[in-house]
Structures are given as C-alpha cells and as structure tokens.
Amino acid sequence: MMRIIQLLTVLLFLFWPLAPAYADCASPAGVAGDVIWNETAERPAYCDGTNWRNFLKENAASSGVNAITVGGNSACARKPGGELYCWGSNADGSTGLGTTSGIQSTPAQVGIESDWTQVSSTRGLLEFSTCGLRDKVLYCWGSRARNIPSPSSTSGVQTTPIQVGSFTDWDLVHSGTYHACAIRGGALYCWGYNGYGQIGVGYVSAGNITTPTQIGTATDWTDVAGGTAHTCGLRGTGELYCWGSNGGAATGRGLTSGETLVPTKVGTDTDWEKITAGNQFSCGIRAGELYCWGSNGNGMTGRGTTSGNTTTPTKIGTETNWDFVATGILASCGLRDGALYCWGANNSGVTGQGLISGSTNVPTQVGTNTDWNTVALAISNACGLRGSDLYCWGTNTNGATGIGTTSGNQLTPALVEASWGSFGSGGGGSGGSGPCTAPDGVVGDIVYNATHHVLQYCDGAVWHAVGPTLGATGAGCANPAGVEGDIIFNTTHNKVQYCNGTGWHHVAPAF
C-alpha cells in the first residue's frame, strides 16, 4: 500500500499543473513556453526562459504588407500566387526584366517562378536595385555600384534576379537607399554602402560591405528598415534600435550630428510593432499609436511643422488604431482601419492629395476608401493594394505608376490592375494566405479576435479559440475536457494550453 501511495504521489507531481516559476520571466512571472496576452501592446507574447518576446510570425512575408515596393524609378509587386511583376524604367536593370533600355509602363512578370514571398527596392536617386525572397532564398538585381546584387562587381548592372549567398532560410529583406539588410533565424545581416555607419559593423568606410554581414550576435531581430543614411530595427523584446547617421535626429537618440556605429537602443519602450526609415527621419508604431522623429523638413514627421528636428520618438495625433506605416524619401503613408493617410512633400503627387508641390504636414486621408491593405512609396511615386486591386500614383515620367503612360503626374490613386489578388488581412492584420481563413493564416499563427475577445491559434486547417472552456467533450484531455486541437487559457497558471489528444501542453512558438 505504501508503494502505491508513493507511486501516486510521483504521478501527481508529474502531471499536476505546476505553480509558475518566478525567476525566469518577470512582470508577469513566467517560464519558458508560457504564452500571455499583452494588454498594453494588444498582442500575444511568449516566455523564452529569460524574457517575454513578441511573436515573429513565419508567414509575415506572405501578407500584402511585404508584397509591394516602390523604388526611385520603378516598382514591383507580388501576386498572391507568388508571381513577381515589375514596371518602370529599365535603367540599371531594376525591373529585373533582362534589359537596361526603355520603359516598361505596365506590370510585366519577372521570370516564370511563382514562389516569391517579398520584394524591396532601394529608393536612391542615382542607383537603383531591388531584392526579394523566393521561398526564403535571397535574390537581388539592378545596379552593382553599391554591391546590393552581392557579390557581383561594383560596375555594370544585374538585369535579372541573382541569388545572394547560399542560405535558404531568410525571413525578411529590406532595402535602404544604397544598402540593404535581411533577417534569417532572428540574426541580422546588412551590406552595401557604409559611409555613415548604416551597416552597423562598428566603423565608417568609404567603400562598400560587399556581402551580407551579420550585425552583432543577437538572434531575435523581427524587423529592419533602411533609410538614406541610417537603419532601424526591432528586437523580439519589442525594443527599438537605430544606427548610422544622426543627421536630422534620424536615429531618435537625441543627436543631430555624428554617427551611431552599431545598433543602439532608442528609449526604454518594449512595445514597438513596426519601424520604417526615410531620409533623415523615421516612423514607427507602438501599441497602435504612430510615432515619428528626425527632420521635420517637408512635414514628413507629421507634426504640423516644416522646420527643426524631432530628436526622439514623438506621438503623432491621438489615434490608437494605426496598423501600418511606410516612409519614402520625403513623405510617409500609413493605414488606420483600412483608410489610407499620407503626409510630407507632395512631390509629383506622391502623397495622393491632388498636389504636386508644397507639403502636407499632418497625416491626411487619401480618398474615402477603407479597404487598403498596404502602401509603399519613394520620392515621387507610391503604390498600394486596395482589396484585390493594385493602385499607383505620382510621376508618370519613368512609367513607375504602371498605368501605361510616361508623361505628366497622377495626383490621386489610379487603378493599375483590377483583381490583382487577395492577400487577406493587410496592414497590421493577421498575415498571409494559408489554410486558415477569416483571417488568413498558416500553422502556428496566433491572433487576437477582437470580436470575441479571445486568442486564436491556427493548427494548419482551422482557427481554435483560446478560452477558459471550449465546450469540448471527450476522453482526450481532462480538467477541462477536451479533444485533439482544442486550446484553452489556464487562468490558474496564466498560460495557453493545447490538447494533443492525450494531455494538455503549453503552447510555445515553433522556432
């Protein structure tokens, strides 16, 4: 009898829910694998055993958010099926269409592949290049002057996409003006022009960093954005880092001169969601609030002024429903509940306000539509996705509006192609196309259902609600009863649990 009692005691110890540890993750306490809903940031976070971290969603590049880019004289966009199209000036080969002459005034497919997941163009005024991901393999094309289509020489052009390096696990790529950065496995890599320390390797060099070079040792980078001479990025802790030229206060560190040579934390906030960088200014989103900083010239910080510098991240307006923000060279655009807003220099109509000069100094709605998914812009052109349709506006000179003309300015969004394809939720939405719908998602995604006020988890087929009880019955999981696939929130231990058909298991990200 004593042995039976001892055995039962051991079994109870093994299977009874353990009290949360208080040494690993704090505020609130947690242990590795715990998942909570961050009420402040309005998103889920998980404990990696040391800190609470934001989810880096594997399908982020599949969403409409990263499916369109605008460069200095061309533009590219990915269709939901994975096909890549580019248009604009073929100079420098930035359209990837195999030529350096003429203008492609309407979208033309690049190659025959259908596995493109992301595309990002440099916004330089003299040298143009584009990079993208095909099934997590990095490709670049265009001007070799800054080694963006690495590791080619620094002369001539690359007229079609060429693979960069041998890695096959890239998650994200973003081009600045004359440099680019990419993330793989949470590690950050940058390459290109380093004249202001924007690569982040710890020094300034007149030459170029010719191949993707890892920056630091951190492996929790979730986002990166290159500006003209500076770069900013987000870590899994929700912290913001910037580096490169401090000119105009672009790095947000309270400095207006000199260089910050390595990624350096900006402020103490830990709820940054999105970052973008322009010419001597930057913008980002924190818990649905829009922040900008840097040079106020041309009104691109959205603060209602065209003079001076905003030296640290400063909230723009009072709204708390910003989903997405993108910067060009001298202007910015963002999305709020599907409505498009732009501000900054009105060059050639890039802000979509019907103006070709002057500046729009605060975020101002473009039209009245509320079904925008994403937007991208450069110095005098912008494009965006509205529902399943592609729109562009700005100067037609290089054919970058894609509407079939090479003269004049398109002052408001013009339809380029209807039925471009649906990406599901855009902006700050739940991610790209996949087996789970409304919203779209793929296995492992976790979203917050604002209608029912619960977390939802995509198992690769359907969304499962996270709640104290799901009404599930069956012998699979007990206390409470559940069957394979069910997800509950354990209010005693403040963690999400998943029923695998036998027992409840804590939900942890599949990294």
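Values quoted throughout were computed directly from the atomic coordinates according to the rules given, and no laboratory measurement underlies them. What you see is a predicted model; the values in this text were computed from it and never measured. Neighbour counts are summed over all protein chains in view; Cβ atoms, including those assigned to glycine, are modelled from backbone coordinates with ideal geometry.
Summary table
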| item | result |
| --- | --- |
| Exposure proxy order (Cβ contacts within 10 Å, fewest to most) of PHE128, PHE281 | PHE128, PHE281 |
| GLN365 paired with PHE167, simple spin-label distance in nm, labels 7 Å along Cα-to-beta-carbon | 4.2 nm |
| Kirkwood hydrodynamic radius of segment 60-417, Cα pairs, Å | 19.4 Å |
| Spin-label model distance (nm) - TYR203 vs SER407, 7 Å beyond Cα toward Cβ | 5.3 nm |
| Distance violations [Cα-Cα > 26 Å] among LYS79/LYS315; LYS265/LYS315; LYS79/LYS274 | LYS79/LYS315 |
| Exposure proxy ranking, count of Cβ atoms within 10 Å, fewest first, for THR312, THR217, THR159 | THR217, THR312, THR159 |
| Contour minus Cα-Cα distance for THR50 and THR318 (0.36 nm per residue) | 93.1 nm |
| Convex hull per residue volume in Å³, alpha carbons only, for segment 193-349 | 115 Å³ |
| Residue order, fewest to most surrounding Cβ atoms within 10 angstrom, among TRP504, TRP87 | TRP504, TRP87 |
| Burial ranking of peptide ranges 401-412, 329-340 (average Cβ count within 10 Å, highest at the top) | 329-340, 401-412 |
| Sorted peptide list for 174-181, 385-392, criterion being average Cβ within 10 angstrom, highest first | 174-181, 385-392 |
| Inter-centroid distance (Cα atoms) of segment 211-281 relative to segment 161-175, Å | 21 Å |
| Chain lengthening between ASP269 and GLN109 when straightened (0.36 nm per residue, less Cα-Cα) | 53.4 nm |
| With 10 Å bins from 0: P(r) over segment 100-153, alpha-carbon pairs, percent | 21, 50, 29, 1 |
